[in-house]
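K.L.:
One structure coming up, written as structure tokens, with questions to follow.
Each value in this text was obtained by applying a stated rule to the coordinates, not by laboratory testing. Please read all numbers here as calculations on a predicted model, not as lab measurements. As a convention, Cβ positions derive from the backbone with ideal geometry for all residues, glycine included, and neighbour counts pool all protein chains shown.
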Amino acid sequence: MSDKTGQIISKMDECGVKFVRLQFVDIHGTPKNMAVPLMKADEIEDIINEGLLFDGSSVEGFANINDSDLILKPDPNTFSTLPWRPEEKGVCRFICDIFHTDGKTPFEGDPRYVLRRALEKVEKMGYEYNVGPEPEFFILDQEEDGTIIPHDNGAYFDTEPVDQGTDFRRKLVMDLEALNFDIEVSHHEVAPGQHEIDFKFDKALKTADAVITFKQAIKAIVDNMGYMVTFMPKPFFGENGSGMHINQSLSKNGENVFFDPNTETQLSEEAIHFTGGLLKHSKALAAVCAPTVNSYKRLVPGYEAPVYVAYGLKNRSTLVRIPASRGKRTRVELRMPDPSCNPYLAFAAVLEAGMDGIKNKIDPGAPTEIDVFGKSMDELSTMGIDVLPSSLWEAYHALEADEVVKKSLGNHVYEHFMAIKHKEWDDYRVQVFNYELEKYLSI
């Protein structure tokens, strides 16, 4: 028995663990799990070392029914109790990697493997990819007639009594810290009922795991408090939507390679070229980072959502922003992603796009320091500033044409992802909405 396994078993004994949840995600990033009852230490060791067979044919984006057996193997580094289930102190959780039945070959449809594969490529080049996401969400209430409404009428950085979310956020932060989250800040966001809790930079795989846990924990905690949470990008007409800005950097030998004290902006060539890669591949990235029909109700001008393919220093109206922090905190912020994305796929695609920029020395041009929200499309076109896709249909067609982003997903995930997105768009476009009835019924 390894020291790590021994430590985990000791922790399980200390917590009185009787059930182990083996967790993974489907192609959408939706958590799935199996609960395994445990009685003896050797059973725990067997599951950690050998994994557990399961049927992958019923998981969206996974295996075909004629070849459906897969193995879940717990990642020992992801062991955690579940603080939102205090009545079940005997429950713990592992996030798992998925393998074929030989127990050695990674399953190419596992989103976690997609990110692992991308990270292994840059690690061979000596880099470490660090990510700090900023997921926004709404806390919701329900009226007697079933109408879903924001739980308060607060606005950006409001305090009590307008901000009714302070108790929610305090409870959320405390429970997230019990899950070893290093919380940086929490506050009310721009829209009624909208909130943001940011956690600090970390290695990309650990951060992707954390995003899944974050969303799962917040939904469970708020549900226990009698309310609902949604990470839907645009739940309310006329209000700001929810984004998940991705702050990222590359380090080598412990040093942030995006920082160069000898340039005018203190940005390195790697930072500039990484930015160039993000801009070049931004339309295809939209399909992965803003992957739902609803995502494009957020990505419209006028609601602080980035739709213009440009970058700026400190400029929040551009697609890519490079914040003022330098030294170890130098980072590039991609502002188009939203919290409906699968973080494993999104981080992998964004990393591959940025690295393509470094590899091919893609020049993003001069930074844009004007408020592009205030410019007309003709003015922006004259400036050479393009726009992101305005629909999921446009986004997945951009993905079809982008070999770099396609390869980041791998053939299995790409083919299943595209089939799902085609169906999602077809389902959406045949619907008839109240807006259409009100607008056209009298024709």
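K.L.:
Using Cα centres only, tell me the gap between region 255-329 and region 398-425 in whole Å.
P.N.:
After rounding, the separation between the Cα centres reads 22 Å.
K.L.:
Peptides 250-263, 276-289: what's the order by average Cβ count within 10 Å, highest mean first?
P.N.:
Descending packing order for the listed peptides: 276-289, 250-263.
K.L.:
Placing one identical point scatterer on every Cα of region 375-443 and ignoring solvent, what is log10 I(q)/I(0) from the Debye formula at q = 0.15, 0.17, 0.27, 0.29 Å⁻¹?
P.N.:
Results for region 375-443 at q = 0.15, 0.17, 0.27, 0.29 Å⁻¹ read -0.74, -0.82, -1.12, -1.21.
K.L.:
Another question about this same structure. With just the Cα atoms of region 302-417, tell me how far they stretch along each of the three principal axes, in Å, largest first.
P.N.:
42, 37, 29
K.L.:
Which semi-axes, in whole Å and largest first, does the equivalent ellipsoid of region 116-435 have when worked out from the alpha carbon gyration tensor as the square roots of 5 times its eigenvalues?
P.N.:
30, 24, 20
K.L.:
Using Cα springs under 10 Å in a Gaussian network model of the chain, which residue among Ser376, Ser186, Ser408 shows the largest mean-square fluctuation?
P.N.:
The residue that fluctuates most here is Ser376.
K.L.:
Based solely on its DSSP helices, what 222 nm [θ] is calculated for the chain when runs of n ≥ 4 H residues each add -39,500 (n - 2.57) and the sum is averaged over all residues, nearest 500 deg cm²/dmol? Walk me through the intermediate numbers first.
P.N.:
Details: 13 runs with 161 residues, N = 443.
Per the formula, -11500 deg cm²/dmol.
K.L.:
Okay, next question. From the phi angles alone, apply the Karplus equation (6.51, -1.76, 1.60; θ = phi - 60°) to region 132-144 and give each ³J(HN,Hα) in whole Hz, x where the residue is Gly or Pro.
P.N.:
x, x, 10, x, 9, 7, 10, 9, 10, 10, 10, 7, 4
K.L.:
Order the peptides 327-336, 44-53 from the highest to the lowest mean number of other Cβ atoms within 10 Å of their residues.
P.N.:
Ranking, from highest mean packing down: 327-336, 44-53.
K.L.:
So, by mean Cβ neighbours within 10 angstrom, what's the order for 144-151, 316-323 with the highest one leading?
P.N.:
Result, highest mean Cβ count within 10 Å first: 316-323, 144-151.
K.L.:
For region 295-443, with the dipole built from +1 on Lys and Arg beta-carbon atoms and -1 on Asp and Glu ones, taken about the Cα centre, which of Ala366, Ser391, Ser325 lies farthest toward the positive end?
P.N.:
Ranked along the dipole, the leading option is Ser325.
K.L.:
Dipole of the chain, Cα-centred, from +1 at each Lys and Arg C-beta and -1 at each Asp and Glu C-beta, to the nearest 20 debye?
P.N.:
880
K.L.:
Using a 10 Å cut-off around each Cβ, can you sort Ile221, Ile420, Ile246 from fewest to most neighbouring Cβ atoms?
P.N.:
Listing Ile221, Ile420, Ile246 from fewest to most nearby Cβ atoms yields Ile420, Ile221, Ile246.
K.L.:
Still on this structure, I have one more. Quick one: what are the phi-derived ³J(HN,Hα) couplings along region 343-360, Karplus 6.51/-1.76/1.60 with θ = phi - 60°, whole Hz, x for glycine and proline?
P.N.:
For region 343-360, the Karplus curve yields x, 5, 5, 5, 5, 5, 5, 5, 4, 4, 5, x, 5, 4, x, 5, 4, 9 Hz.
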